[in-house]
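The values are calculated or read from the model by the stated rules, or taken from the named source; none is laboratory data. As the structure is a computational prediction, the values presented were derived from the model and not from experiment. Quick reminder, even Gly has a Cβ in these numbers, built from the backbone with ideal geometry, and neighbours come from all protein chains shown.
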Amino acid sequence: MSAYGHQMEREYSAQSFSSRGGSDRDSHYMMESGFYMTSFAATIFIGALVTVGVLLITLLITLSVMLQSCENRSAGVVETQKSDYDYNTCKTLALHAELNNLDASQIPVICRTPAISYIEEGQYARDLNSTMRVVEDYFKSVTPSDDGLDVFLMDIDDILSPSPQYANLSLQGYDQFGCSKCIEDAKPLKHEIILRIYAKLQASGWPLILLSRKPERQRNATIEHLGSAGYKDWSSLIMRSEDELHMDSREYFSRRRAALHKKGLRIEGAISSYYDALTGPYSAGLVFKLPNPIYYHNHDENQNENRDAPV
């Protein structure tokens with residue numbers, strides 16, 4: 001190609017480039033890196049960046065919430081384990097306090113909280129009903145002999161209203177935990193179960209002998225209270241004589257059971273919330289222990305009399 005031809009080609013290429021540049025100036029962006037991006041592509045790119053940013057923030061928030069949830073769950077597990085430990089420990093301590101007639105001061109203050117939960121969460125009511133079913137199931141198939149010598153003993157101090165000092169003992173130190181109300185709510189549950197057991201045994205023909213730690217001088221008031229509570233037609237009511245007031249309750253119950261045995265009576269069963277009425281010489285063939293939220297024992301220095309405050 002001649003020199004003139006090369007010159008014409010360069011001029012044509014320059015004009016063509018100039019023409020294309022003028023027509024695309026409004027629809028392209030020239031980046032410093034040396035490439036072009038249309039406005040549509042730029043919009044998509046920016047939107048993608050925003051979406052990624054939102055996803056990252058959402059991910060961070062989700063991870064934070066999950067971490068907090070795990071921490072709360074772990075704390076809950078630890079708290080539950082601690083609560084179970086306290087309950088089981090206190091239950092064992094209360095059992096030994098009842099068995100060995102220990103003083104209330106030997107039960108830790110921390111055991112008051114599990115005792116409240118035991119009532120408020122309904123376990124106390126369930127345990128009472130379980131005891132009721134055990135008694136019913138056994139005596140469905142067992143009837144007293146025709147000679148009238150088979151008897152059943154019932155500790156009625158579970159249903160009698162205690163004296164003011166006696167009542168205050170069971171609530172002592174509990175007001176700060178709000179337990180005075182929970183104890184008052186628990187008493188009708190026990191009274192209802194005992195009355196149902198009483199009615200079932202009486203309907204089955206069992207002679208019922210009622211036992212109390214209260215003195216003989218309160219007999220009339222006790223009989224009146226029993227009648228108003230629905231307890232009638234028992235075989236006999238045993239209360240402490242004057243010379244038994246200073247006697248340990250275990251010895252008192254053992255002595256009275258021995259007297260029944262000498263009369264030829266056969267003690268086939270006994271029910272109480274407290275072990276002093278269920279253990280010892282001449283104890284019943286079968287004993288039924290009603291549950292107690294917690295055990296209290298007090299020694300009255302003025303009267304030198306042991307008292308087991310019912311709950």
Worksheet item: Restricted to the range 111-136, and to residues that are within 14 Å of the chain's Cα centre (by Cα) and of a type in the set (S, T, Y), which residue is surrounded by the fewest Cβ atoms within 10 Å (Cβ to Cβ)?
Response: T113
Worksheet item: Of (1) touching a helix residue (DSSP H, G or I) at 6+ places or on another chain (Cβ under 7 Å); (2) in a helix (DSSP H, G or I), L211 satisfies all except one. Which?
Response: (2)
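Pull up the range 209-223, narrow it to residues that are loosely packed, with under 15 Cβ neighbours inside 10 Å and of a type outside the set (A, V, I, L, M), then point me to the one that is nearest to F152 (Cα to Cα). Outline the logic, then answer.
Start the filter on the range 209-223 by keeping residues that are loosely packed, with under 15 Cβ neighbours inside 10 Å, which leaves 217, 219-221.
After this cut, where a residue has to be of a type outside the set (A, V, I, L, M) as well, the list is 217, 219-220.
Numbers: R217: 24, R219: 20, N220: 22 Å.
This residue is R219.
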Response to the item:
All conditions in (1) on the phi < 0 side of the Ramachandran plot; (2) more than 36 Å from the chain's Cα centre (by Cα) are true of D233 except (1)
Response to the item:
Result of the Cβ filter at 7 Å on the range 130-154, keeping first residues that are in the same structural domain as L195 (by TED's automatic domain parsing) and partners that are polar (S, T, N, Q) and at pLDDT 90 or above, at least 6 apart or interchain, is F139/S204; T143/S204; V151/S235
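A quick yes/no check of all residues on (1) of a type in the set (A, V, I, L, M); (2) within 30 Å of E242 (Cβ to Cβ); (3) at pLDDT 90 or above; (4) not assigned by TED's automatic domain parsing to the domain that holds L265:
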residue	(1), (2), (3), (4)
R126	no, no, yes, no
D158	no, yes, no, no
Y174	no, no, no, no
L201	yes, no, yes, no
I209	yes, yes, yes, no
E216	no, yes, yes, no
